[in-house]
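Chemist: Quick one: the structure is below, and I'll ask about it shortly.
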């Protein structure tokens with residue numbers, strides 16, 4: 001599902017502060033909703049290894065366990081660094 005690739009991209013943009021917080025919160029809600037369905041959980045269980053480790057950790061710790069509230073998302077962002085090759089800057 002390319003939807004998770006999109007989520008991973010937005011996750012990276014959030015870590016590099018190139019996406020508005022309101023948009024990020026919307027994507028988190030979308031990810032939580034998707035992962036509340038058995039088909040998405042089954043896909044994640046089978047395909048999680050194709051995604052970046054930092055994104056996998058975020059999904060597994062914060063979303064699959066249902067703990068992703070704004071304070072935790074913000075704390076995760078503050079404690080993470082993004083390698084330059086993953087930073088996306090728009091003009």
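Chemist: What ranking do 48, 37 get, fewest neighbouring Cβ atoms within 10 angstrom at the top?
Modeler: On the way: 48 14, 37 10.
Arranged by neighbour count, lowest to highest, 48, 37 become 37, 48.
Chemist: Run the numbers for residue 40 and residue 17: contour at 0.36 nm per residue of separation, minus the present Cα-Cα distance, in nm.
Modeler: Working: separation 23, 0.36 × 23 = 8.28 nm, distance 2.73 nm.
That pair, residue 40 and residue 17, stretches by 5.5 nm at full extension.
Chemist: Among 64, 15, rank each residue by its count of other Cβ atoms within 10 Å, from fewest to most, as a rough exposure measure.
Modeler: 64, 15
Readers should treat all values here as calculations from the given coordinates under stated rules, not as data from a laboratory. It should be emphasised that the depicted structure is a prediction, and the values quoted were computed from it without experimental measurement. All Cβ positions, glycine included, derive from the backbone under ideal geometry; neighbour counts span all protein chains shown.
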